[in-house]
1. Within the range 248-258, can one find any residue that is open to solvent by less than 20 Å² (accessible area, probe 1.4 Å), closer than 20 Å to ALA11 by Cα and not in a helix (DSSP H, G or I)?
2. Report the residue count in the range 203-228 for those that are over 25 Å from the mean Cα position of the chain (by Cα) and either assigned to a loop (DSSP other than H, G, I, E, B) or surrounded by 14 or more Cβ atoms within 10 Å (Cβ to Cβ) (or both).
3. What's the total number of residues in the range 87-99 that are crowded, with 18+ Cβ neighbours inside 10 Å, part of a helix (DSSP H, G or I) and hydrophobic (A, V, I, L, M, F, W, C)?
4. Taking the condition of being farther than 11 Å from PHE177 by Cα, part of a loop (DSSP other than H, G, I, E, B) and out of contact with any helix residue (DSSP H, G or I) (no Cβ under 7 Å at 6 or more places or on another chain), how many residues in the range 60-78 meet it?
5. Given the criterion part of a helix (DSSP H, G or I), of a type in the set (S, T, N, Q) and open to solvent by 10 Å² or more (accessible area, probe 1.4 Å), identify the matching residue among THR271, THR283.
6. Need the failing condition index for TYR200 against (1) assigned to a strand (DSSP E or B); (2) open to solvent by 10 Å² or more (accessible area, probe 1.4 Å); (3) of a type outside the set (A, V, I, L, M, F, W, C), just the number.
7. Name every residue in the range 135-152 that is assigned to a helix (DSSP H, G or I), buried (at least 16 other Cβ atoms within 10 Å of the Cβ) and of a type outside the set (A, V, I, L, M, F, W, C), in order of residue number.
8. So which of GLY231, GLY242, GLY278, GLY203 is touching a residue at least 24 places away in the same chain (Cβ under 8 Å) and at positive phi?
Amino acid sequence: MRIAVLGGGPAGGAAALRLARASLAVDLYMPARPGEKPCGGAVPEPVLPRLAGFDPSILPAVVSPRAVLENGRGRRLEIDLQGVRIFRRGDLDGALAAAAVAAGARRQPGRAQQVEGGVGGVRISCAGTVREYDWAIGADGAGGLSRRAAGVLASGESVGLGASLSGLAWERMVLAFPGVADAYLWIFPRPGGASVGIAYTAGTLAETAARALLDRLLDRHLPAGWRDLPGPRYRYPIPVFGPWTLPAVRRGLDRRLLLAGDAAALADPLTREGIRYGFLSGTWAAESLLAGDPAGYAARLEAELGAEMARAHRARDMFFQGPIGQWMVPVARLHPGIRRVLGDLLACRQPYGGLRRRLLAAAFQR
């Protein structure tokens, strides 16, 4: 069985690594210009050991930084954030792809230019050459060839606006909930700089207003002159998990494409975090092929993520429109138990299932 993996991010790297370690013939097609994304780059530490053959300890990272939560009224709360590593995406993606190649994956020169999937297999055009595969794992992001080859249209996407600022010594994570639509903002420390940004659902907030919110946050927290810091600026779609996700994955399977990561629209609807789900979905796609059951990939996504992502949608309403977003910062300042719940949620130790009950229970504890 010949497999192609399109994309060299968390999903593509994890898939290629898993397949190569199982001695399958796998070709890895990387983007032409891999780089940073408008995201924090934080990875929960418990997910890293699941990437057998990959050692993240060699990479520069910010480990378990202090976190500051801020609401729309300017109230702030500090939280100890344990069990999180923050990488530069270029470092993380490059090291994961290198581990896959070291395990036996073949990195193809140049980026894929055309993808055609059907009953007989998948044809990929690259650098003037056409290669044929039994299956392909599409992990080339929201705007990649895989989604177009599968006939998948964008639905329910969030927008990420931000930058990766270099030359800045920054040690704290800042998360701000301004009380505007379902937007939240961040400043994440990274080796040699910081990632900054705002995420919101498309159509709920004008881009000019979003940029103004981000500028005001950075003016409050970063040193004067931050606008002059070097580093690329971004505007990027964030494909969140929703009712469109599983039908899109099944549509891809009809064309012998297993969509993973952002190509499958797997980002958390509340936090818009997608790195963890990229790692997991890429690994699950590979394991479905290794088991000779590609169709089981969609069933596994539904079993592993369906209920939790539905809870994330409901939690989003609580955070951005309900009492949690309005009161969590002032109440958590008074209640150590609520601070622990929020810290566990941010570090991905607290699932959405049981979140409301645990918050209510913590509110009545001293």
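The values are calculated or read from the model by the stated rules, or taken from the named source; none is laboratory data. These numbers were taken from a predicted model, which means no experiment stands behind them. Counting neighbours? That spans all protein chains shown, and the Cβs are built from the backbone with ideal geometry, glycine included. Accessible surface is based on the protein model in full, side chains and every heavy atom, while ligands, DNA and RNA are left aside. Shrake-Rupley method; radii C 1.70, N 1.55, O 1.52, S 1.80 Å.
1. Of all residues in the range 248-258, those open to solvent by less than 20 Å² (accessible area, probe 1.4 Å) come to 248-249, 252, 257-258.
Within this subset, residues satisfying the condition of being closer than 20 Å to ALA11 by Cα are 248-249, 252, 257-258.
Pick out the ones that are also not in a helix (DSSP H, G or I) and you get 257-258.
Yes, some residue in the range 248-258 is open to solvent by less than 20 Å² (accessible area, probe 1.4 Å), closer than 20 Å to ALA11 by Cα and not in a helix (DSSP H, G or I).
2. 4
3. So the answer is 4.
4. 3
5. Details: THR271 fails: part of a helix (DSSP H, G or I).
THR283 is the lone residue from the list that is part of a helix (DSSP H, G or I), of a type in the set (S, T, N, Q) and open to solvent by 10 Å² or more (accessible area, probe 1.4 Å).
6. (2)
7. At the first step, the residues of the range 135-152 found to be assigned to a helix (DSSP H, G or I) are 145-149.
Now narrow it down to the ones that are buried (at least 16 other Cβ atoms within 10 Å of the Cβ): 145-147, 149.
SER146, ARG147 - these are the residues of the range 135-152 that are assigned to a helix (DSSP H, G or I), buried (at least 16 other Cβ atoms within 10 Å of the Cβ) and of a type outside the set (A, V, I, L, M, F, W, C).
8. Numbers: GLY242 fails: at positive phi; GLY278 fails: at positive phi; GLY203 fails: touching a residue at least 24 places away in the same chain (Cβ under 8 Å).
On inspection, the qualifying residue turns out to be GLY231.
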